[in-house]
Structure formats: structure tokens, C-alpha cells
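**Q** Before I ask anything, here is the structure I am working with.
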């Protein structure tokens, strides 16, 4: 008998929710990436900034500025560019993550259907910036860190993820010198 994922425990004081069956556990921890600490208020479309900040362990404001530098370099699509505050095009996220020394690992191809879900038992360990439909989230050793649980109880398809592979000579792994 297969049971559907269900909340097994919730700690509202810490913002932790464990979802799943006893064999397939996915944990979500509320984390704004340091947005409030940086002086920002309210809900905005800054999932890229939050995911990068959490996965890299960097400063929210530095990441916010880095993302906006890359957004200003975009060719305009229609009347607007992407921005750290309102959302970032996937192609711009790719340039940012490559700049930081992270590698894109696709998990889905056109016509392949969903192969990997946003669940701890289907993702590798370590720090990941995961792309799902219309959203990026940070997953650290199988734990989702975000402002909302994007897993859809472990059924949400993962398009791919960014992972920092072994250090490579000459690759910038931090935010320094990003304006060069």
C-alpha cells in the first residue's frame, strides 16, 4: 500500500514542516535569505536572489546587487528586463551561476516527462539551486530553504539544478570582482 505524502510534523515557531511518508521525507525550513536583515520588507519575486544567497552562504545585499548587474546586461525582451526584485530570466540565472562557478545539471528534456521530483531522496546531497516551474529554490542536503514550501508534497518536477562541483582553477566562486 502506497500512502500519499502528508504533514508528519510542524513546528510553527521555527518555520519547519516535515512532509512525506516515513521512507520519503522532505523537510522545508522557512528562510528569507537575509532579506529582512538587509532592510527589505514585503513579498516580492526575489526567489533567485534568495536561492543563490542561501545555497552559497553569501550576503543578501551582495547577491541582490550581483543579480542586478547581470540583469542590466540583458538584451531587452519586450519592454522590460528582469530584476532581482521582480524575477530573473533563466538565461540570466545561467550566466550568474556560471560566473559563481556553479554547473547546470538538467534533469528534464523536451518530451522526456518528469524524471526528478523536489524530494530529498531524488536529489543529490550538498548545496543546490533548484529550478522548478516559475521558481528557483535552495536545497541543502535534501532540506528545502525558502519562504514557502514549493515541493507540492514531493510531486513538483525539477527541471534541473545548479551545483558547485570541485574547484576549478580560475573560476570565481564568490561575489568579488563581479563588475569586471
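**Q** Is it the case that residue 13 is part of a strand (DSSP E or B) and either touching a strand residue (DSSP E or B) at 6+ places or on another chain (Cβ under 6 Å) or at pLDDT below 95 (or both)?
**A** Here the answer is no, as residue 13 does not meet what is asked.
**Q** For the stretch 158-167, indicate whether the set of residues that are part of a strand (DSSP E or B), out of contact with any strand residue (DSSP E or B) (no Cβ under 6 Å at 6 or more places or on another chain), surrounded by 12 or more Cβ atoms within 10 Å (Cβ to Cβ) and at pLDDT 95 or above is non-empty.
**A** The answer is no; no qualifying residue exists.
**Q** Is it the case that residue 71 is surrounded by 13 or more Cβ atoms within 10 Å (Cβ to Cβ), in contact with a helix residue (DSSP H, G or I) (Cβ under 9 Å, 6 or more places away or on another chain) and modelled with pLDDT of 95 or more?
**A** yes
**Q** Could you name every one of the helices (runs of 4 or more DSSP H) located completely within the stretch 43-155 that has at least 1 residues being touching a strand residue (DSSP E or B) at 6+ places or on another chain (Cβ under 6 Å) and under 21 Å from residue 31 (Cα atoms)?
**A** Answer list for the stretch 43-155: 47-56, 90-99.
**Q** Collect the residues in the stretch 134-147 that are touching a residue at least 12 places away in the same chain (Cβ under 8 Å) and under 19 Å from residue 43 (Cβ atoms), keeping them in residue-number order.
**A** 135, 136, 137, 138, 144, 145, 146, 147
**Q** Considering only residues that are at pLDDT below 95 and under 16 Å from the mean Cα position of the chain (by Cα), which ones fall in the stretch 92-116?
**A** Matches in the stretch 92-116: none.
**Q** Would you check if residue 77 is modelled with pLDDT of 95 or more and closer than 18 Å to residue 134 by Cβ?
**A** no
The values are calculated or read from the model by the stated rules, or taken from the named source; none is laboratory data. None of the values given here were measured: they were computed from a predicted structure. Glycine gets a Cβ as well: all are built from the backbone with ideal geometry, and neighbour counts include every protein chain shown.
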